[in-house]
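Input: a single structure, listed below in structure tokens.
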Amino acid sequence: MPSMRFFHLKTLPGMRWTLWFLMACWCAGVYAATPTPGPTLAQAYRPGIDVTAYWVSEKYDGVRALWTGQELLSRQGLPIRAPAWFTAGWPNVPLDGELWAGRGQFEQVQATVAQGLPQDAPWRALRYMVFDLPGQPGGFGERLPHLRQTVAALNLPWVQAVPQWRVASHSALMQQLRTHEKAGAEGLMLRRDDAPYRGGRSDDLLKLKSFEDAEALVIGHLPGRGKYAGQTGALLVETPGGQRFRLGSGLPDALRRSPPPIGSVVTYRHNGTHASGLPRFARFWRVRADQPPPQAATH
């Protein structure tokens, strides 16, 4: 039987460095192949869900922003260019929150975030409303005290922990919704107490509003008639699933004269869907300039 020969790495420096290099490449490949968890996304609230298992907060009408520990990113992972003073002293741990300028001020936030070169004055009107700590283990109820401590330690008036509370029943939750919407809030959010932070859409996070909304891609401008002759009568839009429909109700006169360009993303409100999947009573709400187009089907 032939004898087996073993090589000691100390006597073969070339082999030692070759093995080290191969191991480094293998590790880099493993880490590169490991996807970074995306943000938690919300499902719609449904009657019958056990509301006592959730924390409740206001739904802020702003721009989602994730702090990585070094920079602010949009929900799609695009950099948000904030002034240096805005994030100075922020912790080197991830934060999940919303850039917000107050109720009904979405357009102001969107315009501020969309600036190529950030200007101090608009950013001083914004607050970063922190609602989660993605890197903290445990359920949301366990992460919440750490979130509050982290934000309090910053002692910055423009960084605030989102108030969270509990409700005892569906009827109590609906009363909270009516109270908040009457005061100008967009709706409510529910975060499951025992849920770890994980990316994607699930019942860990729920949204509750009196109306539904969705986004679609503008693919055409349809001519108006009567008083809208010579203007845009409706937008032809396409959903991420590839369905197309006319969106004219609620379109402001200014946008009829100068409609959102083809390729824009718009948000519309609706009251459920038909059996076909198309929205019922769809009406234009606003143009979304803070995110890229949804992945619409190609034809």
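Condition first: surrounded by 19 or more Cβ atoms within 10 Å (Cβ to Cβ), in contact with a Gly (Cβ under 7 Å, 6 or more places away or on another chain) and farther than 25 Å from residue 196 by Cα. Now tell me which residues in the range 102-128 satisfy that. Selection gives 106, 109.
Determine, yes or no, whether residue 254 is over 16 Å from residue 97 (Cα atoms) and assigned by TED's automatic domain parsing to the domain that holds residue 56. Don't jump to the end; show me each part of the working.
Numbers: over 16 Å from residue 97 (Cα atoms): yes; assigned by TED's automatic domain parsing to the domain that holds residue 56: no.
No; evaluated as a whole, the condition is false for this residue.
All of (1) surrounded by fewer than 18 Cβ atoms within 10 Å (Cβ to Cβ); (2) in contact (Cβ under 8 Å) with a residue 40 or more places away in the chain; (3) more than 26 Å from residue 240 (Cβ to Cβ) hold for residue 207 with one exception: (3).
When residues in the range 53-74 are screened for being under 24 Å from residue 88 (Cα atoms) and not hydroxyl-bearing (Ser, Thr, Tyr), 11 of them pass. For the range 71-91, a residue qualifies if it is in contact with a helix residue (DSSP H, G or I) (Cβ under 9 Å, 6 or more places away or on another chain) and of a type in the set (S, T, N, Q), and exactly one does: 74.
Take the residues in the range 51-87 that are of a type in the set (Ser, Thr, Tyr) and touching a strand residue (DSSP E or B) at 6+ places or on another chain (Cβ under 6 Å); name whichever of them is surrounded by the fewest Cβ atoms within 10 Å (Cβ to Cβ).
Initially, the range 51-87 is screened for residues of a type in the set (Ser, Thr, Tyr), giving 52, 54, 57, 60, 68, 74, 87.
Next, from what is left, pick out any that are touching a strand residue (DSSP E or B) at 6+ places or on another chain (Cβ under 6 Å): 54, 57, 60.
Details: 54: 27, 57: 18, 60: 24.
Looking at residues that are of a type in the set (Ser, Thr, Tyr) and touching a strand residue (DSSP E or B) at 6+ places or on another chain (Cβ under 6 Å), I get 57.
Looking only at the range 184-201, filter to residues that are at pLDDT below 95 and surrounded by fewer than 17 Cβ atoms within 10 Å (Cβ to Cβ); which one of those is nearest to residue 139 (Cα to Cα)? Ranking the qualifying residues of the range 184-201, first place goes to 198.
Within the range 261-287, the residues that satisfy the criterion of being in a loop (DSSP other than H, G, I, E, B) and within 20 Å of residue 210 (Cα to Cα) are 271, 272, 274, 277, 278, 280, 281, 282. Look at the range 152-178: where a residue is under 30 Å from residue 82 (Cα atoms) and a partner is among the hydrophobic types (A, V, I, L, M, F, W, C) and not in a helix (DSSP H, G or I), sitting 6+ places away or on another chain with Cβ atoms under 6 Å, you get 160/129; 161/130; 162/129; 162/131; 164/55.
Report yes if residue 56 is more than 12 Å from the chain's Cα centre (by Cα), within 24 Å of residue 154 (Cβ to Cβ) and either β-branched (Val, Ile, Thr) or part of a loop (DSSP other than H, G, I, E, B) (or both), otherwise no. So residue 56 does not fit the description; no. Screening residue 148 against (1) basic (Lys, Arg); (2) modelled with pLDDT under 95; (3) more than 30 Å from residue 281 (Cβ to Cβ) leaves a single unmet condition, (2).
Of the residues making up the range 229-284, just one is of a type in the set (A, V, I, L, M) and modelled with pLDDT under 90, namely 275. Under the condition of being in a strand (DSSP E or B) and either more than 16 Å from the chain's Cα centre (by Cα) or not hydrophobic (A, V, I, L, M, F, W, C) (or both), the residues counted in the range 120-139 number 3.
The set of residues from the range 166-186 being more than 24 Å from residue 145 (Cα to Cα) and not in a loop (DSSP other than H, G, I, E, B) comprises 170, 171, 172, 174, 175, 177, 178, 179, 180, 181, 182. Scanning the range 208-222 for residues that are of a type outside the set (A, V, I, L, M, F, W, C) and either part of a helix (DSSP H, G or I) or at pLDDT 95 or above (or both) yields a count of 2.
Filter the range 237-260 for residues that are crowded, with 16+ Cβ neighbours inside 10 Å, of a type outside the set (A, V, I, L, M, F, W, C) and in a loop (DSSP other than H, G, I, E, B) and give the result. Show your work before the answer.
Start the filter on the range 237-260 by keeping residues that are crowded, with 16+ Cβ neighbours inside 10 Å, which leaves 237-239, 243-245, 247-248, 251, 255-256, 259-260.
From what is left, the residues that are of a type outside the set (A, V, I, L, M, F, W, C) are 238-239, 243-244, 248, 256, 259-260.
239, 243, 248, 259, 260 - these are the residues of the range 237-260 that are crowded, with 16+ Cβ neighbours inside 10 Å, of a type outside the set (A, V, I, L, M, F, W, C) and in a loop (DSSP other than H, G, I, E, B).
The values are calculated or read from the model by the stated rules, or taken from the named source; none is laboratory data. Owing to the predicted nature of the structure, the values given are computational and were not obtained by experimental measurement. Note that we place each Cβ from the backbone using ideal geometry, even for glycine, and neighbour counts take in every protein chain shown.
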